[in-house]
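Please read the structure below before turning to the comments.
Read the figures in this text as sums done on the coordinates, not as results from a lab. All of these numbers come straight from a predicted model, not from anything done at the bench. Quick reminder, even Gly has a Cβ in these numbers, built from the backbone with ideal geometry, and neighbours come from all protein chains shown.
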Amino acid sequence: MASRRSFLSGAIATMATLAEPRWLTQNSELRTQNSPQARDILICIFQRGGADGLNVVVPHGDKDYYAHRSNLAIPQPGGRGAAIDLDGFFGLHPSLSALKEIWDARQLAVVHACGSPDPTHSHFDAMDYMERGTPGQKSVATGWLGRHMAATHDANDSPFRAVGFGALLQASLRGGAATALTSLETFKLQAKPLELPKVKAAHGQLYRGSGMLVGAGQQTLAALDIIQKLNPAQYQPSDGAQYPDSPYGKALRQIAQLIKADVGLQIACADIGDWDTHVNEGGAEGEMAANLKEFGDGLRALYTDLSAALSRVTIVTMSEFGRRAAENGGGGTDHGHGNAMFVLGGNVAGGKVHGEWPGLHPEQLYGPGDLQVTTDFRDVLGEIIAKRLGNAALGDVFPGYASFNFRGLVKG
Amino acid sequence: MVSRRQFLRNSGLAAVYLALPAWLTACSRGDAAPAAQRLVQPEVWDDPQPGAHPEIVHLLNRITYGPRPGEVEQVARSGWDAFLDRQLHPERIDDSALDDQLKEFKTLTMSSADLFDAYPPKGMPGPRIIIQELEAAALLRAIYSERQLFEIMVDFWSNHFNIFIGKNQVKWLKTADDRDVIRTHAFGKFRDLLLASAKSPAMLIYLDNAENVKPGSRFGRKDSGLNENYAREVMELHTVGVDAGYTQDDVTTVARALTGWTITRRNADDAGEFQFVPRLHDDGEKRIPFLDLTLPQGGGITDGETLLARLAAHPGTAARIARKLCMAFVSDDPPPALVARAAQAYLDSDTDTRATLDVILRSDEFKAAAGQKIKLPLRALVSKMRALGANIAGDGPKAALPLVQQLRDIGQAFFAWQAPNGYPQVGAAWVNTGGMLGRWNLAFALAEGRVRGVERDLRHFVPSGVAAVGALTDAVGTALLHAPLPAPARAALVGYMSDGRDDQATLDQPVLDRKLPELVGLILASPAFQTH
């Protein structure tokens with residue numbers, strides 16, 4: 001099997017006259033066929049800090065929810081600042097009104113009481129375990145997406161096959177030769193214009209050889225060449241989609257642009273932070289509500305912008321843990337356990353809250369007072385990988401996890 | 001000593017006068033500056049031995065942010081040991097040139113209360129100025145301080161005790177933390193640094209311990225109670241680490257021990273200072289099994305002080321601090337034997353940073369580790385500035401802002417990391433497509449003089465009488481890398497400079513003027529300059 005290195009060295013040799021790469025043609029063929037090899041594009045959004053799932057997807061039908069949160073609870077449907085009812089028991093936080101239409105179109109699914117079996121309340125450990133895909137273990141150095149990509153890569157992979165937005169590449173992408181991006185518009189080598197072609201040529205020659213540093217340099221040079229052809233400043237989202245004006249919103253917008261530009265994108269990661277609401281969380285209004293609005297509006301914009309491609313896109317959201325059932329003394333909540341994940345796309349069993357609701361009565365809680373986990377996050381991600389990304393070898397993607405229990409979240 | 005005018009004439013430069021770097025300016029004032037400041041001598045530019053003094057180059061690449069022009073030769077003359085000794089005793093180093101510059105930065109020496117008064121939240125200019133001055137000062141110190149090892153340790157501890165300056169009141173409080181906690185204790189005892197950090201108003205707000213109170217006590221208008229955030233992070237990140245064997249119960253007990261550690265109100269005369277409030281403190285007995293510690297009832301503030309002292313002296317803390325220091329100075333995966341010796345030195349010296357550093361920096365493992373680390377973005381930027389001998393034109397914090405923005409663009413702005421774990425300290429975390437492109441573009445921006453306010457004179461790197469492309473390339477390469485260019489790299493650079501001719505080709509002045517910045521940029525962007 002030809003290696004990524006052969007693609008890159010070939011790419012550099014022909015950098016000046018890069019004809020349409022073979023991976024581009026190949027991907028187009030993959031898309032137009034309805035073959036078993038056809039793969040969705042997967043977009044993973046990580047809410048960093050432990051999002052309070054109980055206030056994101058509100059169990060308004062559970063009276064214990066209201067007993068635990070006399071200040072922070074979202075009112076039952078029908079009042080001011082009330083939850084938006086989904087199925088008579090659960091509702092969306094009112095700031096997520098942008099998602100209601102997607103729910104009604106049955107293209108948004110929720111999995112509640114979902115997460116990692118590991119009891120840790122450490123952000124760093126919990127994120128680490130979730131992104132490695134090995135709860136409780138730090139011995140595996142790669143991420144679940146990195147392993148999936150390594151197992152499914154072709155001879156002619158695009159340098160944009162996997163993209164992570166942010167200054168630091170998401171740990172889930174480690175091991176998969178992913179590209180970290182912050183802005184497509186400024187993604188170019190900036191040297192004196194008169195000398196630029198010759199400087200680029202010399203620069204490319206300096207990055208010959210092997211090793212992590214040189215490899216990253218070569219990948220960057222290949223990526224620069226592709227972006228040069230894209231004209232990112234002129235991008236217009238489809239159907240009036242309006243992304244939030246934030247790093248998260250910009251990341252989603254650029255993911256959509258890359259998808260529509262056919263650069264071979266298959267996996268994209270983006271983050272949204274500020275979920276660690278120990279104090280001043282607020283209920284229907286306040287700090288978390290504002291953050292949720294940005295979160296939901298971004299998802300809605302992405303959904304609208306990609307409407308023509310939805311049949312081959314799956315979006316999944318996650319957070320390293322949820323938050324404690326009871327509010328604390330500072331108007332917030334402490335680190336918890338079970339949480340809500342969203343899955344959106346054209347092939348999602350939407351309009352339903354999947355999983356088993358364990359209840360919030362004191363003896364139903366986990367540890368110091370957290371929501372139980374009744375669906376392992378690997379069941380959610382594993383089902384998407386197997387059914388939508390065409391990779392049934394889940395033992396490599398999630399080593400050490402044998403008893404997958406798909407919930408029927410996606411078709412395929 | 002050589003005057004500035006004589007220097008320029010001797011090095012064969014046409015006389016375009018540019019502001020010279022502060023460390024050079026001190027010489028020309030005729031101050032009785034110590035030998036380390038008289039770095040630039042004419043003969044340095046004609047160093048005939050590329051690759052001489054590799055052990056000095058390695059030392060400078062680790063205990064400073066990178067050699068300045070002529071510095072390798074200067075340090076070689078005074079000697080490896082002498083230079084290390086000096087850097088281990090920053091109090092003996094005269095940094096008055098930089099200190100004078102920083103006097104313009106009024107906020108650095110103001111109390112938190114005065115900062116609240118002078119820069120009210122909804123006023124103009126608001127706390128933005130405080131943040132600007134702190135960031136600019138941190139960057140200027142990294143580039144220009146003679147106490148380089150001290151500044152590296154300030155950055156190390158700032159990351160270890162990470163505080164995000166954007167959170168609420170922290171904007172007004174981080175200045176005091178930087179000055180009175182980090183900079184005061186960076187070369188002292190870790191137990192003093194830990195205690196100062198625990199009482200630091202900036203930390204009390206950042207990790208919410210200011211709101212950690214005895215359940216049921218009235219605090220503000222809300223019912224209130226324990227907040228475990230700081231208790232968890234002080235153990236997980238600041239001291240013993242997550243594998244030390246503490247349980248959730250221990251975290252809760254530690255939180256109880258630290259209740260009532262809060263800060264004075266904003267409208268108080270001494271706003272923003274540490275305050276222990278007994279009625280908010282849980283005074284019951286506390287047992288912390290993994291520390292083998294029982295804090296008896298009625299301990300008051302000593303509950304927290306005793307606990308923190310015990311954490312500082314814990315072997316788990318020693319091992320973690322030792323490992324982090326070895327990662328910072330030796331390699332990303334340091335030899336366990338060295339880590340163990342450093343941990344022992346930490347314990348034997350009653351948690352002394354300087355004593356621990358001494359063991360690490362004099363070790364064989366350190367000496368053998370040249371070139372094994374990838375530069376983090378901060379070091380990438382600062383080492384480029386130092387290698388160029390670049391100057392920042394103008395005084396006051398605003399002059400440095402364009403360069404501060406460059407640092408932000410490559411992802412390592414000071415005090416901007418939001419999570420308590422601080423910026424990743426291994427190069428691999430930063431080696432990705434966006435990160436590489438950022439460094440390359442910074443290299444060309446600095447080399448071409450496109451960063452507003454940054455001045456450099458590249459003709460310092462062109463020895464007099466050199467005309468051939470090959471010799472020119474060698475001279476510039478040696479001046480920046482302090483080692484010979486590897487043959488393939490040299491060929492690529494000679495090819496660029498000569499437009500495909502060979503290394504005997506000569507260049508007209510206009511062509512040299514156009515290509516020299518690009519040559520410098522290419523070298524600063526090359527793999528060799530990304531490692532140290």
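Quick look at the numbers
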item	result
Debye intensity ratio I(q)/I(0), log10, segment B:204-352, q values 0.08, 0.10, 0.15, 0.19 Å⁻¹ (C-alpha model)	-0.27, -0.41, -0.81, -1.09
Lys, Arg +1 and Asp, Glu -1 on Cβ, resulting dipole of segment B:459-530 about Cα centre, debye, nearest 20	120
The protein assembly as shown: calculated mean residue ellipticity at 222 nm from DSSP helix runs of at least 4, using -39500 (n - 2.57)	-12000 deg cm²/dmol
Alpha-carbon centroids, segment A:317-394 and segment B:465-532: separation in whole Å	57
Estimated distance in nm for a label pair at A:R80 and B:K122, the labels positioned 7 Å out from Cα along Cα-to-Cβ	2.2
DSSP-defined beta bridges in the protein assembly as shown - what % are antiparallel, rounded to 5	55
Acute angle (nearest 10 degrees) that the helix A:212-228 long axis makes with the longest principal axis of chain A, alpha-carbon atoms	90
Furthest towards positive pole of dipole, A:A308, A:A105, B:N159, structure part the protein assembly as shown, Cβ charges	A:A308
Nitroxide proxy distance, nm - points 7 Å out along Cα→Cβ at B:R452 and B:K106	2.3
In degrees, nearest ten, helix B:469-481 long axis to first principal axis of chain B (Cα)	20
Chain A - share of DSSP beta bridges that are antiparallel (%, nearest 5)	40
Gap separating the Cα centres of segment A:210-248 and segment B:82-135, nearest whole Å	38
Residue among A:I226, A:L96, A:I43 farthest towards the positive dipole end of chain A, charges placed on Cβ	A:I226
Packing-based exposure ordering (other Cβ within 10 Å, fewest first) of A:L252, A:L360	A:L360, A:L252
Normalised per residue, the volume of the convex hull around the Cα set of segment B:352-450 (Å³)	159
Cα centre as origin, Lys/Arg/Asp/Glu Cβ charges: the protein assembly as shown dipole, Debye	1840
Signed unit charges on C-beta, dipole axis of the protein assembly as shown, positive-most listed residue B:N209, B:G298, B:V359	B:V359
Acute angle (nearest 10 degrees) that the helix A:4-13 long axis makes with the longest principal axis of chain A, alpha-carbon atoms	50
Distance from segment A:100-179 to segment B:309-323 (C-alpha centre basis), Å	33
Of A:Q76, A:Q364, A:Q266, the one that fluctuates the most in a GNM where chain A has Cα springs shorter than 10 Å	A:Q364
Exposure proxy order (Cβ contacts within 10 Å, fewest to most) of A:S311, A:S95, A:S122	A:S311, A:S122, A:S95
GNM top mover of A:E320, A:E101, A:E294 - chain A, alpha-carbon springs below 10 Å	A:E101
Pairwise Cα inverse-distance average, inverted: Kirkwood Rh of the protein assembly as shown (Å)	29.8
Ascending count of other beta-carbon atoms within 10 Å, so fewest first, for B:V330, B:V154, B:V466	B:V466, B:V154, B:V330
